[in-house]
Amino acid sequence: MKVMNTVADLRAVLSEARSVGATIGFVPTMGFLHAGHASLMEVSVVANDVTVVSIYVNPLQFGDNEDLASYPTDRAGDLRTCESAGVDFVFAPSAEEMYTAEMSTTVAVSGVSEPLEGASRPSHFAGVATVVAKLFSIVGPCRAYFGAKDWQQTQVVARMTIDLSLPVEVFACPIIREPDGLAMSSRNVYLTADERVQATVLRRALLVGVDLVESGETDATRVESALRKTISSASLAEIDYVAAVPAQTMVADGPLDGDVRLLLAVRFGKARLIDNAGCRTIST
Ligand code: AMP
């Protein structure tokens, strides 16, 4: 495995790989890697000749009051995770390598980026779309692997990729969870012991919602109330949003019908956790 710090170095090794017909898999991350990230790498390693992982904490996707300054890092641990997943290249650029002082371009995706995370974190998805567009441009034609953990992000990236005709196939991979159901996240490290125990309520709430939809409930408000009620049983939980929405558009438009996504964002102290689950309405 090689670690590259510059765009030019990464482009050089990838163009050499392509010249002998190698296919490229790409996993963008912000580091502090866990088994959720490793699962994306493993899928890529199986499906492609060469796998690239980027590690870059993208300042553009953090709001002013968010955790950019305290975002956890562990470069040595990250490199071990990449190595044991069979990754070929790690791209770990400096802030200056990614954005010059003159950087004036933003990629904004409307529609799918507007509700939920977009409403709670106004500049977040423009920051995500901008860095992912840039990373796709640096890596070039590839298959790119994202986690369904960030469901809305994956929809935003998929929309952008189609709209800008980027030569990338985007895949959403399953959410990897701790044994007690908590979705793995770099931000789980912020949880105190009590918060960590209570945070398991999120998965339970999603499962209550899935059960309701799969037993015939099509009223999004009633599904959302059931999620809220379950989450409220955890005294340390502060709900940012819960939503039961069509899985692709993420905007409720009448009774739920077909593929549904249940999504939530809940704070436990310093940690803002997101999770989601898919389900399908009973066809009539
Ligand atoms: P991040 O480092 O948080 O930006 O995440 C990088 C990628 O890993 C994103 O595509 C995430 O959706 C994905 N990811 C994060 N946590 C998980 C998880 N628990 N299961 C699957 N994928 C995940």
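The values are calculated or read from the model by the stated rules, or taken from the named source; none is laboratory data. Everything numeric here is computed off the predicted structure, so don't read it as measured data. Don't worry about glycine lacking a Cβ; one is built from the backbone with ideal geometry, like all the others, and counts go over all protein chains shown. Note: areas computed on protein heavy atoms with side chains; ligands, DNA, RNA excluded. Shrake-Rupley method; radii C 1.70, N 1.55, O 1.52, S 1.80 Å.
So how do Lys229, Lys149, Lys270 rank on accessible area, 1.4 Å probe, biggest first, that is with the largest at the start?
Ranked list, largest accessible area first: Lys229, Lys270, Lys149.
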Per residue accessible area in Å² of region 51-135, where ligands, DNA and RNA are left out and the probe is 1.4 Å: 46
Other-chain or far-sequence residues with amide H under 5 Å of Arg177's (modelled H): Met184
Under 5 Å, built H, 5+ apart or other chain: amide partners of Phe26: Val52, Arg143, Ala144, Tyr145
DSSP-loop GluC sites (Glu not before Pro) across region 96-165, with at most 15 other Cβ within 10 angstrom: Glu102
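Based on DSSP H runs of at least 4 residues, each adding -39500 (n - 2.57), what is the mean residue ellipticity at 222 nm of the chain after dividing by all its residues, to the nearest 500 deg cm²/dmol? If you can, show how the numbers build up before the last one.
Details: 10 runs with 107 residues, N = 284.
When only DSSP H runs of four or more count, the value is -11500 deg cm²/dmol.
Carbon-plus-sulfur fraction of the accessible area of the chain, 1.4 Å probe, in percent? Write out the running numbers ahead of the final one.
On the way: 6820 of 12980 Å².
Here it works out to 53 percent.
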Solvent-accessible ranking of Asp257, Asp88, Asp78, Asp211, largest area first, probe 1.4 Å: Asp257, Asp211, Asp88, Asp78
Estimated inter-spin distance, Ser70 and Leu236, nm [label 7 Å along Cα→Cβ]: 1.4
Alpha-carbon centroid distance for the pair region 15-87 / region 129-206, whole angstrom: 12
Val132 accessible area, 1.4 Å probe, all protein chains in place, Å² to nearest 10: 10
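Might you report the magnitude of the Cβ-based charge dipole of the chain about its Cα centre, with Lys and Arg at +1 and Asp and Glu at -1, to the nearest 20 debye? Display every interim value, and only then the final one.
On the way: 23 positive and 34 negative charges, 47 e Å.
With only Lys, Arg, Asp and Glu charged at Cβ, the dipole is about 220 debye.
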Amide H contacts under 5 Å for Val3, placed H, 5+ residues apart: Val90
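Taking the Cα centre of region 186-276 as origin, sum charge times position over the Cβ atoms of Lys and Arg (+1) and Asp and Glu (-1), and report the length of that vector in debye to the nearest 20. Show your work: numbers first, answer last.
Numbers: 11 positive and 13 negative charges, 106 e Å.
Approximately 520 debye in magnitude.
Mind checking the full-extension length gain between Glu16 and Ala119? Use 0.36 nm per residue of separation minus the Cα-Cα distance, one decimal, nm. Mind showing how you got there, number by number?
Numbers: separation 103, 0.36 × 103 = 37.08 nm, distance 4.26 nm.
So the extension gain works out to 32.8 nm.
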Area of Leu116 that stays accessible when all protein chains are in place (1.4 Å probe, Å², to 10): 20
Gaussian network model of the chain, springs between alpha carbon atoms under 10 Å - residue of Ala144, Ala92, Ala47 with greatest fluctuation: Ala47
Qualifying lysines (Cα of each under 22 Å from Cα of Lys2; at least 8 residues distant if same chain): Lys134
Karplus (6.51, -1.76, 1.60) ³J(HN,Hα), θ = phi - 60°, over region 87-94, in Hz, Gly and Pro reported as x: 5, 8, 10, 10, 9, 10, x, 6
